[in-house]
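Down below is the structure, laid out as C-alpha cells.
The values are calculated or read from the model by the stated rules, or taken from the named source; none is laboratory data. Note that the structure is predicted; figures quoted are calculated from it, not measured. Positions of Cβ are backbone-derived with ideal geometry, glycine not excepted, and every protein chain shown enters the neighbour counts. With ligands, DNA and RNA removed, areas are computed over all heavy atoms of the protein, side chains included. Shrake-Rupley method; radii C 1.70, N 1.55, O 1.52, S 1.80 Å.
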Amino acid sequence: MPVPLHQTFDYLPLPEGTPPAPGVRVLAPFGRTRRVGVVIASGGPSGVTVDRLKPIAAAIDAEPVLDPETLSLLERAARYYQHPIGEVIATALPALLRKGAPATAEVEVVLRTADEAKLTRAPKQAELLAEVERHAGGATRRQLRALGYEAATLSALVRKGLVRLETRAELGAVWSPGSSGVRAGAVPVLGKEQQAALSQVTTPGTHLLYGITGSGKTEVYLRALESVLEQGRQALVLVPEIGLTPQTIRHFSARFDVPIEVLHSGLTDSERLAAWRAAAAGAAAVVIGTRSAVFTRFRDLGLIVVDEEHDASYKQMDGFRYSARDLAVMRGARARIPVILGTATPALETYANARSGKYSFSRLESRAGGADLPPVHLIDVRQQRLVDGFSAPLIEAMQRHLHRDEQVLVFLNRRGFAEALLCRACGWLADCPRCDARMTYHRQRDALLCHHCGTSRQVPQTCPQCESEALAPLGAGTERIESGLQGAFPDARLIRVDRDTTRGKRALEAHLEEIGEAGPAILVGTQLLAKGHHFPNVTLVAIVDADSGFFSADFKAMERMGQLIVQVAGRAGRAEKPGTVIMQTHVPDHPALTPLSNHDYLGFADQILEGRRVAGLPPTTHAALLRAESQQQPMPMQFLSDVRRSLGGTRTEVWGPVPSPMERRQGRFRAQLLLVDANRSQLAATLARAIEACSDSRLARRVRWSADVDPLDLS
Ligand code: ADP
Ligand code: ZN
Ligand code: ZN
C-alpha cells in the first residue's frame, strides 16, 4: 500500500478465480477508503487470523504491471534505503498507474493495403505512404506523429484505401530488431582510447568512463548502444536534468532510426504513461530520462548509460531518498548487463570504486580532434581592487577576447544581485524570518528572497533597526555582475543564464540557441551553464570566485567545487579556437588549486580522497543520516538523543545529535544524527535499530523525521 509504513498488508483473494500474482495491482479496502496496492507475494500463511482478514475488492491487472525483475529491484531498493516498500513502489510507478489506469494500451497500427498508389500530385501523402511501407509490421500512429506526419495526411490515405488502421494491444518491438538502425551518414573513426574504452564498457559489469570534456564520451555511448540495438535489446540513458534531454535526443536520433522515448518531470501524466508503456512492451528501443526513469519497466534491457554520473540531481532529496545512479548500478548487476558511468569529474565514491577495481576504469584523456586543453591562469585578488567582483587584469583579458569577436563565459554560482543587504550604520543584516539564513537581494524584482524557503520580502527603504538610509548590498551575484559588466562593456552583448532568467519549459534551450547565434558576447551564468553544453565561440572562461567551496562546513563542498571548476573550464576552446581560463582566488597557494589549474581532476580527487580517509568520512566509510525537525526548538534534539540512547552497544560510530548547520529552515528547527561505519551491513543493522527507535519514540508524533542512506550533504 502506498503509505509511509514499514510493512505490507495481508488480504484474502476474491473467492472466485486464482489469487493475483506478485506485481499485479489490486483495489483493496484500507481504513475507511479503498486504495490501489501492488501484490508483493501471494499464498502462504498470514500473521493475522482469517476472520480478521478482508478480501481485496478487485484485481486491476490480468498480467503483472511490475515484472519480477522490476519488482525485485524495488524490493532491493526498499531494503537498501530502509524505506517503506509501498512508497518505493509509488515512486516507481507513473501517476496514472498508481491511480489504476490500464498498464497496456491499445495502439492503432497503420498498414499498407494491396491497392496501387497514384499520388504524383500529393507529395506529402506519397512520403507518408513510403514511410508506412518501410515498417513491415506496420507503424503506430504515435510513431508517425513523432516523425512529423500530420493526421490529415493519414486520413487522406485511409480514404483512398491505400492504408488501413488496425487496433492492437501494444506488444512487441515495432522497430525491427536484428538491425541497429544506424542511419546513413558520417560516423567518426574511433580514436585509440575510445576503441579501448568501447571494448571494455560493452562487457557486463559497471564501468567508469572517465573522459575530459571534448574527449568523445558520447561517441562511445553511441557505439555501445549500437551493439545492444543490433541484438534487438533496449537501452536506458539517464541524464541529470531535463535541460539536457533535447540535446541527448538529438544525438541519439541523428544516429539511430529507432523509436526513442523520453521520461522526465516536464511530461504530462498521460505522456509519461505512454512512454512507460512503450518501454514495458518493447516498443521503445531507447529511453532517455532523468532520475526516476531508472525504475522504468523494460521488456529486454541490455544497457544502462548514466551520463554526468557525478551530478547531485541523481539523488532524490526528500521522501524516498534514492540515488538513481546507484540503483542503475544495482539494476545492471542483477540483469548482468553493462552500466556505463560517464563523466569528466567522477564522484569520489565512483572514483574510489574504480580505483579499487570494483568498477572497470576507462580513460579518455585527449580531446577528439586533438584540440588542446586551455591554459589556466590564477589571479590573486588579495592584491587587487575589485569592481563589482572583477579585477583589472580580468577585465583587460575579456576586452581582448571580445575584440577578436569571440565569446567570454563568466561563471559565478550565485544568483541574485547581492548575497545580503547590510545597514552600514548599525550592522543590521536582512535575515529570513523562517530560516537561519540571509535573504538574497534581487534588484530587478526589487525584493529580498530566501533561497532556502522561497520567502520574499519588500526591500526596506530604511534600516528597520536604526532607520538609517545607508543600506548597502553585500557580495555579488550574477545580477550584480551583469549590471557591472554593462557599465564596463557598454557595447557588448550580455546574456545571463541562471534560474531567474530561465523559467519555463524551453527557456534554457532558447538561451543556448541565442548563444550559438550571437557574435561576440559575454555569457554570465551559474552552474546551469557549466553542464554539458557546447559553446564553440567561447574562448575565455572567467571563474569570478573560485574559493566558495574551500571554507564550507559540508564535507562534499570541496568535491563539488572542484567538479564545477573543471566542468566550467572545459567549456573553453572546444572547436578550432584555442581557449583560456582565468580564476580569481584569495588563496592561490591552496593545495587543491594546483591540480585543478592543471586540468588534473584525478589528482585533485586523490588529494581529497586522502582527506576523507584521514577523517573517516565516505567513501572510505559508509554513512546514514537521521534528520528530525519540529516547530519547537528542543524537540528534534530530544528525539534524536533518545534514539542515540537506544543504540547502546552498537559498534557503528554515532555522531551527534547536533543541530543542523542551518538549524532553522522554513520555520522548523532541525537536528541530525550521523551513523558512520566501514562495514555496510553493520551500518544497515544499526540504522534498522535507529529507525525502529524513531517509529516507537514517544515523541514520534511531534517531530518529522527521515533516514538518508548515503547522504549527499550533512545539512
Ligand atoms: P564529451 O561528451 O566527452 O565532452 P563529445 O562526445 O561531445 O565529448 O565529443 C566532442 C566532439 O568530438 C564532438 O563534436 C564529437 O562529434 C567529436 N568526436 C567524438 N569522437 C570523435 C572521433 N573519434 N573522431 C572525430 N571526432 C570525434
Ligand atoms: Zn541600521
Ligand atoms: Zn527562508
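Report, to the nearest whole %, how much of the accessible area of segment 398-549 belongs to carbon and sulfur atoms, 1.4 Å probe, protein only.
Numbers: 2990 of 6960 Å².
On segment 398-549, the fraction of accessible area on carbon and sulfur atoms equals 43 percent.
Once all Cα-Cα distances of the chain are split into 20 Å bins that start at 0, what whole-number percent is in each one?
Pairs per bin, as whole percents: 15, 44, 34, 7, 0.
Over segment 558-658, with every protein chain in place, what whole percent of the accessible area is carbon and sulfur at 1.4 Å, could you tell me? Walk me through the numbers on the way to the answer.
Values: 2190 of 4110 Å².
Roughly 53 percent of what the probe reaches on segment 558-658 is carbon or sulfur.
V26's amide H: which non-local residues (gap 5+, or another chain) put their own amide H closer than 5 Å, with H modeled 1.01 Å from N in plane and none for Pro or chain starts?
Here G37, V38, V39, I60 satisfy the definition.
Within segment 4-163, what whole-number % of the accessible surface is contributed by carbon and sulfur, with the 1.4 Å probe and all protein chains included in the calculation?
Numbers: 4940 of 9170 Å².
Heavy-atom surface of segment 4-163 belonging to carbon and sulfur, 1.4 Å probe: 54 percent.
Pull up all non-local amide H partners of T113: gap of 5 or more, or a different chain, and H-to-H distance under 5 Å with H placed in the peptide plane.
Those lying under 5 Å, H to H, from T113 are V163, R164.
What FRET efficiency comes out for the pair E133/E513, r = Cβ-Cβ distance, R0 = 35 Å, nearest 0.05?
Numbers: r = 35 Å, r/R0 = 1.01.
Working from the Cβ atoms, E equals 0.50.
Under the Cβ-under-4.7 Å rule, which cysteines of the chain stay unpaired?
C453, C694
Per residue of segment 699-715, in order, report the coupling 6.51 cos²θ - 1.76 cosθ + 1.60 (Karplus, θ = phi - 60°) as ³J(HN,Hα) in whole Hz, putting x for Gly and Pro.
3J(HN,Hα) across segment 699-715, in whole Hz: 9, 4, 7, 9, 10, 9, 10, 7, 10, 10, 8, 6, x, 8, 8, 9, 9.
Can you list the residues, at least 5 places off or on another chain, whose amide H is less than 5 Å from the amide H of Q631, using H built in the peptide plane?
Distant-sequence amide H within range of Q631: F669.
For C426, what accessible surface area do you get with a 1.4 Å probe? Give it in Å², rounded to 10.
50
Go through R645, R277 and list them by solvent-accessible area, largest first, probe radius 1.4 Å. Walk me through the numbers on the way to the answer.
Details: R645 165, R277 40 Å².
The residues order as R645, R277, largest area first.
A184 versus A41, label points 7 Å from Cα toward the beta carbon: distance in nm?
In this crude label model, A184 to A41 measures out at 5.8 nm.
Give, in nm to one decimal, the length gained when the segment between L647 and V459 is fully stretched (0.36 nm per residue of separation minus the Cα-Cα distance).
My answer for the length gained is 62.8 nm.
Hey, rough spin-label estimate for D67 and T104, points 7 angstrom out along Cα→Cβ, what's it come to in nanometres?
Between D67 and T104, the label points sit 1.3 nm apart.
Calculate one ³J(HN,Hα) per residue across segment 282-295 by plugging θ = phi - 60° into the Karplus curve 6.51 cos²θ - 1.76 cosθ + 1.60, and present them in order as whole Hz with x for glycine and proline.
Rounded to whole hertz, the list is x, 7, 9, 7, 10, 10, 10, x, 8, 1, 6, 5, 5, 8.
Residue by residue, what Karplus-based ³J(HN,Hα) values in Hz, rounded to whole numbers, does segment 663-670 have, using 6.51, -1.76 and 1.60 with θ = phi - 60° and x for Gly and Pro?
Running phi through 6.51 cos²θ - 1.76 cosθ + 1.60 with θ = phi - 60° gives 5, 10, 9, 6, x, 10, 8, 10 Hz.
At a threshold of 8 angstrom on Cα-Cα distance, excluding pairs fewer than six apart, so keeping six or more, what relative contact order does segment 25-98 reach in percent? Each step should come with its number before you reach the end.
Values: 52 pairs, mean separation 21.4, N = 74.
After rounding, I find 29 percent.
Restrict the search to segment 51-145; then list the GluC sites (Glu not before Pro) that DSSP places in a loop and that have at most 11 other Cβ atoms within 10 Å of their Cβ. Before the final figure, lay out the partial values.
Values: sites: E69, E75, E87, E106, E108, E116, E127, E131, E133; in loops: E116.
Loop-located and lightly packed - E116.
If you place +1 on the Cβ of every Lys and Arg and -1 on the Cβ of every Asp and Glu, how big does the dipole about the Cα centre of segment 622-709 come out, in debye to the nearest 20? Mind showing how you got there, number by number?
Working: 14 positive and 8 negative charges, 57 e Å.
That gives segment 622-709 a dipole magnitude of about 280 debye.
Can you give me the relative contact order of segment 192-368 as a percent, contacts being Cα pairs under 8 Å and 6 or more apart? Please list the in-between numbers first.
Working: 341 pairs, mean separation 68.1, N = 177.
With pairs under 8 Å counted, the relative contact order is 38 percent.
So between R355 and L429, what do we pick up on full extension, going 0.36 nm a residue minus the alpha carbon distance?
Working: separation 74, 0.36 × 74 = 26.64 nm, distance 4.69 nm.
Result: 22.0 nm gained on full extension.
Tell me the label-point distance for the pair E692, A114, using the 7 Å Cα-to-Cβ offset, in nm and rounded to one decimal.
Distance between label points: 7.3 nm.
Using a 1.4 angstrom probe on the protein heavy atoms only, could you order C453, C694 from most to least accessible area? Working shown, then result.
Details: C453 25, C694 0 Å².
The residues order as C453, C694, largest area first.
Give or take rounding to whole Å, what are the principal axis extents of the alpha carbon atoms in segment 396-461, in descending order?
48, 28, 20
Ignoring ligands, DNA and RNA, how do K54, K124 rank by accessible area with a 1.4 Å probe, largest first?
K124, K54
Before anything else, pin down the relative contact order of the chain: Cα pairs under 8 Å, at least 6 apart, normalised by residue count, whole percent. Please list the in-between numbers first.
Working: 1370 pairs, mean separation 73.7, N = 715.
Contact order relative to length: 10 percent.
Determine the gain in length on full extension of the stretch D269-F551; use 0.36 nm per residue of separation and subtract their C-alpha separation, reporting nm with one decimal.
On the way: separation 282, 0.36 × 282 = 101.52 nm, distance 4.29 nm.
Value of the extension gain: 97.2 nm.
Could you rank the peptides 224-233, 356-365 by their average count of other C-beta atoms within 10 Å per residue, with the highest value first?
Numbers: 224-233: 19.3, 356-365: 16.5.
Ranking the peptides 224-233, 356-365 by packing returns 224-233, 356-365.
Write down the accessible area per residue of the chain in Å², having rolled a 1.4 Å probe over the full set of protein chains.
Working: 32420 Å² over 715 residues.
Accessible surface, normalised per residue, equals 45 Å².
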